[in-house]
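Everything on this sheet refers to the single structure shown next.
The values are calculated or read from the model by the stated rules, or taken from the named source; none is laboratory data. What you see is a predicted model, and the numbers here were worked out from it, not measured in a lab. As a convention, Cβ positions derive from the backbone with ideal geometry for all residues, glycine included, and neighbour counts pool all protein chains shown. Protein only, heavy atoms only, side chains kept; ligands, DNA and RNA dropped before computing areas. Shrake-Rupley method; radii C 1.70, N 1.55, O 1.52, S 1.80 Å.
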Amino acid sequence: MRLSLLTVTAFAGITGLAAGVTPAFADTARPHIVVKDGKTQPTFSFKDAVREKVFVETNVDSDHDGKRDRVSVFVTRPKETNGGLKVASILEGSPYYAGTQDPPYHPADVTDYPRLAPWAVPPGPPAPVSYSRVYYDNYFVSRGYAVLAADTLGTGDSDGCPTAVGPNETDGMTSVIKWLTGKATAYDAHGKKIKANWSTGDVGMAGKSYDGTLPLAAAATGVKGLKTVVSVSGVSNWYDEYRANGGVVAPDGWEGEDLDLHAKAVLTRKNLAVCEKVIRDLEPKMDRVTGDYNRTWDERNFAKSAPHFKASVFMTSGLADWNVKPVQMSLLWNGLKKAGVARKLWIHQAAHDEPLDVRQGAWLESLNLWFAHELYGVRNDITKQPKVDLERTPGQWETHKDWPDPSARPVKLGLSPGTLGQRGHGTDTLVDDPSRKAEDLAAGQDKPDPNRLMYLSPKLTKATKLSGTAQIRLRASVDGKSPYLSALLIDYGADERVSGFAPASPPQKWCYGDSIPGDEGCRTVRKYSTAVTPFKIVTRGWTDVRNRHSISVTEPVKAGKDYTFSWPMQPYDYVFKPGHRIGLMLLATDHAYTLRYPAGTKVAVDLRGSTLTLPLTG
């Protein structure tokens, strides 16, 4: 199976190094970190690096065997560290080093109430563990870093049980960091204690997707020694991955996935059956019936802990990523700003993709500068550069001081029959048909359709940029089985738009890293593809009408009674071109995202009490 978050992928004490300068007190005849142009240089042999496995003891016993869980960690470090060289560490925690299982997805179609798919502990031995996908080890080991791969609890060669980045998995990662700072204990395969005498005690965490979520979980604890995190498409709040304003909502294309499926999919440790109770405990706690926010979700809300971050954050997000949706980036970015945490952001046009593919060498260049500054104290200009790099169109990048655009202002638009921009009177009505997809409902925008409501602006006379979070406010009644209201913001106007991001044709490769055995450091070049389309769904948002007062409390609605419902769409950045029209489409069920209750729910919208607020410039 595939899950939405499946990822494919100096001397001690020296700080404040000036670019290109080796300190006068250093013995240049001995191995040392070489800095030039603000970056560490390829000085050490990746081929000859020391490779060792250790087992770090945690503070938890999540498999309840009476012993503290141990995390399996594979270390790759320059051979010179055996002779006294101390290096900083880049740690990638992952549940994927031993592959995945194939648990069944939950039903997206609801007949009475949301039900769970049956699941049994997989039989047979797990797959062998492979650390071939560690975070750019070919590149960074030769530049003076140790690169570590850690199996999350319940996966690979680690003890414990997987819990979809629950507190025990977080403890597993922070224990590895503590070992690198001398504050935790590790053992070799024979039970002998192993110390990280080669470590400077300065650690960065990095990874993509699930592997980009674990760094945020660790940083949220404020653990000492973690100096920076690089989170590529990471989840900052698991509730917003599988819920939205009280409603059960899937990542795009992964209908029926939920929190428990991640634990079930990555259960690859030895003796899988010991974790059955722990994983089954997730099923009721995630509450797929009401969709309410509760303690289980709160434990996995790392964005709210931004004030506890002591590590700087470099993060990336794709504007076409409707798996780890843009709200994950936005929530954390704003929280870090309020907390005064050092931060940097890349926003690209691709989906759940690796920035190494989107911008090739520029990403490695930036990472080298970032890690050199954060882990070795190299004085370069990486933190003086604009905080935000944004890809406006394929290959065309802009820099900004912050995001959203500080010049964006909220513009409140009223709704009248068929028109966006003027406040109207009367009532518009739709009848839900959960079998119809949003793309089909969005076509034929000038024609009435019983299963959706459409409101269009006049043609724009100049370019208008959306930057931030659109907000919908409806005065409406809901009568039927479905508890959902969905809003989609659409750009109407024929244009050449990004239609995909795939390997170039004919195939091309480019390579990174040094002392590369085979082509482990080579990647297939990926390119954007474009097509002329009559419209584009820009962003969307959903709410459960029973959670109109709180995402934590379900309250029934009375059929035929008007209520006020307010909810945000997904944060976005987009330019509407002159001559185009901005469209607002209202639905009950959003086929690709929400649960699908029986057809027939009637939604009646009071136009006088309904508005759309857009953060616009221009």
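Spin-label pair S435-S550: with each label point 7 Å from Cα along the Cα-Cβ axis, the two points sit 4.0 nm from one another.
Shape call for segment 565-618 from the C-alpha gyration tensor, a ≥ b ≥ c root eigenvalues: rounded (a/c under 1.5), prolate (a/b greater than b/c) or oblate? Prolate, because a/c is 1.5 or more and a/b exceeds b/c. Between K337 and Q508, the contour length at 0.36 nm per residue exceeds the Cα-Cα span by 57.6 nm. Per-residue packing, averaged as other Cβ atoms within 10 Å, sorts the ranges 431-437, 155-161, 182-188 into the order 155-161, 431-437, 182-188, beginning with the highest. Compute the relative contact order of segment 133-257 as a whole-number percentage, counting only Cα pairs closer than 8 Å that sit 6 or more residues apart in sequence. For segment 133-257, the relative contact order is 16 percent.
Compared with the alpha-carbon gap, the fully stretched path from K224 to K53 is longer by 59.2 nm at 0.36 nm per residue.
In the context of the full set of protein chains, the chain has a per residue accessible area of 38 Å² (1.4 Å probe).
Counting only DSSP beta bridges with both residues in the chain, the antiparallel share comes to about 75 percent.
The mean sequence distance of close C-alpha pairs (under 8 Å, at least 6 residues apart), as a share of the length of segment 29-139, puts its relative contact order at 20 percent.
Round to a whole number: what % of the accessible area of the chain belongs to carbon and sulfur, probe 1.4 Å?
50 percent
In this structure, the pairs whose alpha-carbon distance is over 26 Å, taken from K310/K387; K325/K536; K325/K447; K462/K527; K344/K462; K401/K527, are K325/K447; K462/K527; K344/K462; K401/K527. A Förster radius of 41 Å combined with the Cβ-Cβ distance from K387 to D562 puts the calculated FRET efficiency at roughly 0.40. Of interest is the spacing of the C-alpha centroids, which for segment 554-618 and segment 192-254 amounts to 32 Å.
For segment 395-511, the Kirkwood radius over C-alpha pairs fed into Stokes-Einstein at 10 °C and 1.306 mPa s yields D = 87 µm² per second. An oblate overall shape is assigned to segment 178-292, the ratio a/c of its alpha-carbon gyration tensor axes (a ≥ b ≥ c) being 1.5 or greater and a/b not exceeding b/c. In terms of its C-alpha gyration tensor, segment 258-297 has a prolate overall shape, because the principal axis ratio a/c (a ≥ b ≥ c, square roots of the eigenvalues) is not below 1.5 and a/b outweighs b/c. Across q = 0.12 Å⁻¹, the chain modelled as identical point scatterers on its alpha-carbon atoms has Debye log10 I(q)/I(0) values of -1.23, in the order of the q list. Full extension of the chain between K195 and A273 gives 24.8 nm of extra length, using 0.36 nm per residue less the Cα-Cα distance.
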